[in-house]
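Data block below; observations after.
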Amino acid sequence: MLASALEAFRQTFSPLLRGMLLKSMALAALLLVVLAIALEAALTYFVHVPSYPWVETTLAIIAGFGLVFGIIYLMPAVSSLVAGLFLDDVAERVEKASYPMDPPGRPQPVLRSLFYALRFFGVVLAVNLAALLLLLVPGVNIIIFYVANAYLISREYFELAAMRYRTPEEARRLRQAHGVQVFVAGLLIAPILFVPILNLILPVFGTAFMVHFHRRIAPLPLLRDRDGALVIEGRAL
């Protein structure tokens, strides 16, 4: 597992994925800016205070820290959305570079990819907004944020990687069969969320990691090549 994480981290910054990394980081940063502006607008609209300079200054400082924490808590949701949009391109490059003798995975239909991206975005956003409400409980909020996102990230990225070779139902069953291993893999990914700027690599790194991890814990199922012949691990049957 650690070897998969290290290989994925190396590939994330290599020429193989550098272009995809820059695109995904730019999109993630743009989405975070939009969400930050929305949060600030919501604070301005809902919070009314007397016009005293010291009060306004204090609230501005608090709001600044709040936006920083808010962005950190929103990053997993943004990452899930970006990952859904870039997963097939990243996964295909990793598969061709690291497993050239194996049959390539099949990209998901556009509508299905969009559906899963939006679904994961909604779930992760709801969980992290709930965790954000626990900011006033020291220690507990960080633990909940870390554990919840380790579970959600591992579930999402593993199933998306597995669905390149399996149906959604098969990918889900495979993830459940290896639930502990998949969750531990999520524990290795989640710390990136706490590092500003570096957390923008999560969609590409998480995808690459789970492509390797999926290959290590499960044999490839039977597939048919473009000519209709059955193949497994790149060999015709």
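Laid out as a table, the results:
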| read-out | value |
| --- | --- |
| Contour minus Cα-Cα distance for Arg10 and Glu169 (0.36 nm per residue) | 54.1 nm |
| Separation in nanometres of the label points that stand 7 Å from Cα toward Cβ, at Ala130 and Arg18 | 4.2 nm |
| Mean-position separation - Cα centroids, the range 180-206 and the range 104-131, in angstrom | 16 Å |
| Long-range Cα-Cα pairs in the range 122-217 (distance over 17 Å), rounded percent | 52 percent |
| Inter-probe distance in nm under a simple model that places probes 7 Å from Cα toward Cβ, at Lys96 and Ala3 | 2.5 nm |
| Three-way shape label, the range 154-206, alpha-carbon gyration tensor, a/c 1.5 | oblate |
| Per-peptide average of other Cβ atoms within 10 Å, ordering 87-98, 22-33, 203-214 highest first | 203-214, 87-98, 22-33 |
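Every number here is computed from the coordinates shown, using simple stated rules; none is lab data. All of these numbers come straight from a predicted model, not from anything done at the bench. Note: ideal-geometry Cβ built from the backbone for every residue, glycine included; neighbour counts use all protein chains shown.
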